[in-house]
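**Student:** This is the structure I want to talk about, given as structure tokens.
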Amino acid sequence: MSAFVRQIAVLSVLWAMCELLLPEGRQQRMVRMTASLLVMAALLSTVGSWLGNASSAQPAMTQTVQQTAEDTYRRTALVAFANQLESYCVRMAQRAGYQAGAEVYLTLDGELDHVKLTLNQPEAALISSARLAQTLSQQLGVDEQRIWLSVEGT
């Protein structure tokens, strides 16, 4: 019973904070609907346990929400990692005398699939584009065939 009261109290506080933070309009209506669904799920879970029903809605819903949150976090972390690698590749190309753009592709496991590096050929580059690709592959610890070069202006 105390878990039920605590759950309702936490949901009420969250509901009140969302009500205060959101402006009037469609967003506030969506928050109200979501909060109402969470309160109803908590009530149904408690009523189900009181009636001796072993399969309540709460554990399944919690597991789904937790799994979705983990997937969202994983995707956000992968995007951040890819952005950092892109920035690193561009900086390396700029140090070699190129103007560059980079696209980094990762697998869902976080491993580097390939890098698309677009270079604008300057008048006097410090190293060749092939040497730049070789250096990047060594720095990233991947096979050189995973660095895809596209040289413009040649």
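The values are calculated or read from the model by the stated rules, or taken from the named source; none is laboratory data. Owing to the predicted nature of the structure, the values given are computational and were not obtained by experimental measurement. Cβ: placed from backbone, ideal geometry, glycine included. Neighbour counts: every protein chain shown. Side chains included, ligands, DNA and RNA excluded: accessible areas come from the protein's heavy atoms. Shrake-Rupley method; radii C 1.70, N 1.55, O 1.52, S 1.80 Å.
**Student:** Which residue pairs have Cβ atoms under 7 Å apart, sit 6 or more places apart or on different chains, and have a first residue in the stretch 88-110 that is over 13 Å from V142 (Cβ atoms) and free of Cβ contacts under 8 Å to residues at least 40 places away in the same chain and a second that is part of a loop (DSSP other than H, G, I, E, B) and among the hydrophobic types (A, V, I, L, M, F, W, C)?
**Tutor:** A96/A125; A96/L126; A96/I127; G97/A124; G97/A125; G97/L126; Y98/A125
**Student:** Residues being open to solvent by 60 Å² or more (accessible area, probe 1.4 Å), among the aliphatic types (A, V, I, L, M) and within 23 Å of G153 (Cβ to Cβ): count how many of those fall in the stretch 87-125.
**Tutor:** Counting residues in the stretch 87-125 that are open to solvent by 60 Å² or more (accessible area, probe 1.4 Å), among the aliphatic types (A, V, I, L, M) and within 23 Å of G153 (Cβ to Cβ) gives 1.
**Student:** While we're looking at this one, here's another question. Within the stretch 126-137, is even one residue open to solvent by less than 30 Å² (accessible area, probe 1.4 Å) and under 26 Å from Y73 (Cβ atoms)?
**Tutor:** No, the conditions are met nowhere in the stretch 126-137.
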